[in-house]
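What follows is a set of notes on a single structure, which appears directly below.
The values are calculated or read from the model by the stated rules, or taken from the named source; none is laboratory data. Please read these numbers as outputs of a predicted model, since none were measured by experiment. Positions of Cβ are backbone-derived with ideal geometry, glycine not excepted, and every protein chain shown enters the neighbour counts. Each accessible area value is taken on the protein alone, full model and side chains, heavy atoms only, with ligands, DNA and RNA left out. Shrake-Rupley method; radii C 1.70, N 1.55, O 1.52, S 1.80 Å.
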Amino acid sequence: MIGVYLSGTGNTKHCVEKLVHLIDETAQCTPLEDSRIESLLEKEDTIVLGYPTQFSNAPFMVRDFINKNHSLWKGKKLFIVNTMGLFSGDGTGCTARLFKKHGAVILGGMQIKMPDSVCDSKLLKKSVEKNRQIIKLADKRIEKAAEQMKQGKYPQEGLSFIAHIMGLFGQRLWFYRKTTGYTDKLKISDSCIGCGLCSKNCPMNNIQMEGNRAIPGNRCTMCYRCISSCPQKAITLIGDTVHEQCRFEKYV
Ligand SMILES: Cc1cc2nc3c(=O)[nH]c(=O)nc-3n(C[C@H](O)[C@H](O)[C@H](O)COP(=O)(O)O)c2cc1C
Ligand code: SF4
Ligand code: SF4
């Protein structure tokens, strides 16, 4: 078994690592941007894949990865972990359908509520205490699921026809244009001091340093990693002001 994930602010990384290590403490977990990823996946029979919900869809980088590596999935057993701030309908189903098309077997899926990673919109902010409670609840659900999975019983969250309809009409249709590709809408303000952190950590290699300035490209997968860790709060995407930056390690 191997755990792989895309995680902008650490929520999905935590959930995948916890679930996988409760089932098999020797199993490897690694991010999707790991340069060895294809060869690691080729060797494994069972894959736990995690990603955050974006507008009730999977991030474009994840869907792109699945399609580009279509020959990898035939006969593989997939368990899908989808983290979300509030609602994802069929957050797991979005990739389950793709995997099935490429010949994979879907063992099941979990949709786990975690702190909201969007930090440039006030609407979605919760207190640190509230986020701590959310993580405690998530951990309990993961522990229960791991026990079930060890006995061969897999949660089936987000995989039903009803979940599909909820995801589609609850959000995905209305935000369709935001999820059809990578975005060029990332903004970096003049308060950038050129520390290079965003450029170093971007899973898409989408930020280049030019002298003392970070310059965004047009292949952002909206993970919010750079936005949540810039010391100057100089980066925004959906909104124009960074409020409380969201990072998993702040809540534990
Ligand atoms: C661009 C974007 C869109 C999002 N859309 C949704 C959504 O539709 N529903 C939801 O419940 N959470 C949504 N979220 C919240 C994240 O899915 C959630 O915080 C997730 O746990 C972040 O995981 P990470 O820390 O591994 O990146 C969105 C986050 C981002 C950055
Ligand atoms: S993390 Fe912020 S301050 Fe550092 S280079 Fe990137 S935008 Fe500039
Ligand atoms: S530019 Fe920022 S938000 Fe976009 S993919 Fe890179 S780290 Fe994530």
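Quick rundown of the values:
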{"quantity": "Which listed residue, of SER117, SER88, is in contact with a Pro (Cβ under 7 Å, 6 or more places away or on another chain) and either within 16 Å of ligand 2 (Cβ to nearest atom) or part of a loop (DSSP other than H, G, I, E, B) (or both)", "calculated": "SER117"}
{"quantity": "Segment 21-37 - residue that is open to solvent by less than 70 Å² (accessible area, probe 1.4 Å) and part of a loop (DSSP other than H, G, I, E, B) and, of those, farthest from CYS220 (Cα to Cα)", "calculated": "ASP24"}
{"quantity": "Residue list for segment 102-126, filter: within 16 Å of ligand 3 (Cβ to nearest atom), within 21 Å of GLY158 (Cβ to Cβ) and in contact with a Ser or Thr (Cβ under 8 Å, 6 or more places away or on another chain)", "calculated": "SER117"}
{"quantity": "Tally, over segment 179-214, of residues that are in contact with a strand residue (DSSP E or B) (Cβ under 8 Å, 6 or more places away or on another chain), open to solvent by 20 Å² or more (accessible area, probe 1.4 Å) and modelled with pLDDT under 95", "calculated": "0"}
{"quantity": "So GLU244, is it free of Cβ contacts under 8 Å to residues at least 40 places away in the same chain, more than 9 Å from ligand 3 (Cβ to nearest atom), open to solvent by 80 Å² or more (accessible area, probe 1.4 Å) and of a type in the set (Asp, Glu)", "calculated": "no"}
{"quantity": "Count of residues meeting criterion [under 13 Å from the mean Cα position of the chain (by Cα), among the aliphatic types (A, V, I, L, M) and open to solvent by 10 Å² or more (accessible area, probe 1.4 Å)] in segment 80-99", "calculated": "1"}
{"quantity": "Hits in segment 91-114 (condition: closer than 25 Å to LYS150 by Cβ, in contact (Cβ under 8 Å) with a residue 60 or more places away in the chain and either part of a helix (DSSP H, G or I) or not assigned by TED's automatic domain parsing to the domain that holds GLU38 (or both))", "calculated": "GLY93, ALA96"}
